[in-house]
Each structure stands twice: as C-alpha cells, then as structure tokens.
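The values are calculated or read from the model by the stated rules, or taken from the named source; none is laboratory data. If you're wondering where the values come from, they're calculated on a predicted model, not measured in any experiment. Glycine also receives a Cβ, built like all others from the backbone with ideal geometry; neighbour counts cover every protein chain displayed. Remember, those area values only see protein heavy atoms, side chains included, never the ligands or the DNA or RNA. Shrake-Rupley method; radii C 1.70, N 1.55, O 1.52, S 1.80 Å.
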Amino acid sequence: MSPQRKDLYVMLAIGIVCSVVGTYAALQIDWFPTAASTAAPKIDTLYDWLLVASVPMFVLVMAVAIYSVVRFRVRPGGPTGDGAPIHGNTRLEIIWVTIPFLIVTALAVYAAVVLAQVEQKKPNELQVRAIGQQFTWHFEYTQPGGKKFTSDVLWLPNNRPVYMKINTLDVLHSFWVPQFRLKEDAVPGQTDHVRFTPNRVGQYEVVCAELCGLGHATMRVKTLVVAPQKFQQWVQAKLSPKPAAGEAAGGGAAAGGGATAAAGKAIFTGEGGCGACHTLSAAGTTGTVGPKLDGIGTKPAAFLKQSIADPNAVITAGFPKGVMPQDFATRLGPQKIDALVKYLQEAGK
C-alpha cells in the first residue's frame with residue numbers, strides 16, 4: 001500500500017470515528033425547553049435530522065484538516081516550497097459537490113413539509129392579534145360575533161388551535177415563545193401570522209427575539225396556557241368587567257375611560273408599557289432603560305405631561321436621547337395621558 005493511500009485511509013478512519021462521536025454527543029444535548037405545543041415534536045425531530053446531517057460533515061472536514069496540518073507540516077530539514085502542481089480528481093470533485101447538494105435539498109423538502117403541517121388551517125381557531133411595541137406586547141382577542149378586547153397577558157386555552165396575527169407599532173420585533181418552537185417577525189407596515197396549538201398547561205413567556213432598542217432584553221410578557229373552562233371564565237370577565245376593578249382577571253385593558261389614578265395604573269403597567277423601562281415601587285416594576293420614577297410625583301402635572309407626550313424635551317442626566325417612544329400623544333390620547341399623570345402624582349411620591 002502506498003504511503004498516500006495509507007494516509008487517506010487513516011484520515012477517513014479518524015474522520016468517521018469523530019463524526020460518530022460528535023453526532024451522538026449532539027443528539028444527547030437537550031437543546032430546547034419543555035415542549036408545550038403540538039408542533040414542537042415535529043420541529044424537534046427536524047432539528048435532530050439537521051444535526052445528523054451537519055455535524056458529521058463538519059467534524060469530518062475538520063478532522064481531515066487537522067490531521068493534514070499535523071501530518072504534513074513542514075519539518076526542519078524537510079522539503080520547502082509548494083508541491084508539484086496537480087490537476088485534481090474530477091470524479092471526486094463531482095461527488096463532494098453532489099452529496100451536499102442532495103443533503104441540503106432533502107432537508108429543505110423535509111422542512112417545507114413540516115412547515116406546511118404546522119401552518120395548516122384547523123377548525124375552531126382562536127383569533128388573536130399580537131401587537132409589539134418598545135418594549136412590551138399587547139394581545140387583541142376577536143370573539144365569534146366580532147367583539148374585541150385586549151390584554152397585556154397572553155391567555156390561551158389548552159388544546160385549542162390558535163391563529164395569531166402579528167403587528168408592530170414602531171420598530172422590528174419578533175414574537176417567540178420557546179416552548180411552542182415558533183417565532184415570527186413583527187415587521188412595520190405588514191401583518192404576519194403563526195398557527196399553533198398549545199398542549200401543556202403552564203406559565204411561559206413571550207420573548208422578543210429581534211434587537212429592538214435598549215430595552216430589548218426587558219420585552220418579555222407572561223403567557224398562560226389554562227384549561228378551556230378557566231379560559232372561558234377569563235373571557236367572560238373581560239367582556240363584562242366590574243366597574244370597581246382596575247383590570248379583569250389576569251391583567252388587561254384599563255377599566256373605565258375616566259382620567260383616574262386607577263386607570264392610570266392600568267395604562268402604566270399595561271397598554272403604555274411604562275414598567276418595562278422604568279422602576280416604580282408602587283407599581284412593582286423594575287425597568288432600568290429609563291430613569292426611576294420613585295419621587296416623580298412631586299413634579300408639576302405639566303412637566304409629567306410633557307415628559308410623556310414630548311420625551312425629548314427634557315432628558316434626565318445619564319440617559320440617552322430618543323429611547324422613549326415619541327408617539328404616546330397620539331397612541332394614548334389626552335384622557336389616558338391625564339390618567340397616567342394622576343397615577344404618577346399619587347404613586348410617585
């Protein structure tokens with residue numbers, strides 16, 4: 001056996017052994033959190049096949065490269081300079097281009113089949129719209145009769161299909177619940193969607209998976225998957241809120257439209273998304289993107305209104321300009337801003 005052929009066999013043997021070990025190790029790693037949707041097992045299996053296809057290829061190439069660097073390195077007193085020019089092996093080149101092409105094509109077809117299965121329309125879908133904004137999420141529910149209500153917590157009935165439209169009020173965001181294995185970008189100016197069926201009761205988080213500003217890391221909202229009966233009770237409470245309640249069960253839109261401190265608290269912790277960026281002890285929020293609001297209640301009402309409607313007018317030392325959204329004046333309107341000011345005057349003392 002020629003030395004060249006022997007080196008080839010040794011390289012291949014090392015590469016194959018390393019590939020087997022690397023693939024086995026990759027498949028033993030628990031890459032994802034506990035599955036909580038019917039689509040999760042299909043997506044997990046697809047990911048496993050991606051590992052089976054990609055890890056051996058990577059390990060084999062790296063093993064051959066490392067072996068070549070060590071085995072054929074320049075040694076003291078040995079030959080120097082480039083080796084003799086060779087044409088190469090046309091058959092081998094065709095093979096190593098064809099095999100990856102077939103592997104990638106097969107994986108693409110498999111992924112398309114899984115996506116089609118996940119996106120297939122199902123009966124009795126719950127209609128929800130996820131609305132992203134710096135730095136929180138809101139959810140709009142549409143009932144069969146067309147009546148709508150909003151919540152700042154994502155409530156979902158267990159084992160019921162969900163059709164979720166996704167929008168953004170400002171910059172690019174991305175809707176992601178890791179346990180559902182689904183992620184979809186919220187792109188300004190367009191409506192995207194995802195379909196999924198939660199199948200595990202529990203509490204999860206909607207996470208923004210697209211860098212959207214300084215408060216990106218705080219853009220997390222509670223997700224509750226509950227029994228269908230409990231979900232219906234929550235829906236009824238949202239559709240028929242008690243006048244004395246600041247929010248219906250679980251959190252949501254402000255009760256009543258008056259400019260009251262109670263309504264202002266609901267806006268602060270919910271619709272306005274203020275707590276994602278600001279610390280206010282009375283509200284139980286711990287955001288650090290913007291200045292702390294403890295003690296701000298001593299400021300004049302006119303200053304508080306200006307800080308909400310025109311946040312760049314006065315910038316607190318140590319905080320950058322342009323981080324706070326500039327559209328609260330139109331997004332909230334005068335009445336809600338008045339309610340928010342009243343709440344800050346009371347809670348921020």
Query raised in the report: Dipole size in debye (nearest 20) for the chain around its Cα centre, Lys and Arg Cβ +1, Asp and Glu Cβ -1?
Result: 440
Report task. May I ask you to derive the FRET efficiency for VAL97 and LEU50 from their Cβ-Cβ distance with R0 = 25 Å, giving the value to the nearest 0.05? Result -> 0.80
Query raised in the report: Accessible area per residue, 1.4 Å probe, Å², for the chain: what's the number?
Result: 56
**Report entry** In Å², nearest 10: area of SER240 left accessible to a 1.4 Å probe
**Finding:** 80
Query raised in the report: So what is the relative contact order of the chain, in percent, for Cα pairs below 8 Å that sit 6 or more residues apart?
Result: 13
Query raised in the report: Can you run phi through the Karplus equation (6.51, -1.76, 1.60; θ = phi - 60°) for segment 296-303 and list ³J(HN,Hα) in whole Hz, with x for Gly and Pro?
Result: 6, x, 7, 6, x, 4, 4, 5
**Report entry** Scattering curve values for segment 143-231, log₁₀ I(q)/I(0), Debye with Cα scatterers, q = 0.13, 0.14, 0.19 Å⁻¹
**Finding:** -0.45, -0.53, -0.96
Query raised in the report: Out of residues 5 or more away from HIS193 or on other chains, whose amide H comes under 5 Å of its own, with H placed 1.01 Å from N in the peptide plane?
Result: ILE166
Query raised in the report: Which value, in Å² rounded to 10, gives the accessible area of TYR47 with a 1.4 Å probe and all protein chains present?
Result: 70
Query raised in the report: Under the Karplus relation 6.51 cos²θ - 1.76 cosθ + 1.60, θ = phi - 60°, what is the ordered set of whole-Hz ³J(HN,Hα) values for segment 17-33, x standing for Gly and Pro?
Result: 4, 5, 5, 4, 5, x, 5, 4, 5, 5, 6, 7, 6, 7, 6, 10, x
Report summary line: Taking the square root of 5λ for each eigenvalue of the C-alpha gyration tensor of the chain, the equivalent ellipsoid has semi-axes, largest first and in whole angstrom, of 55, 27, 16
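Could you look at the chain and say what percent of its accessible area is carbon and sulfur, using a 1.4 Å probe and all protein chains?
Carbon-and-sulfur percentage of accessible area, whole number: 63.
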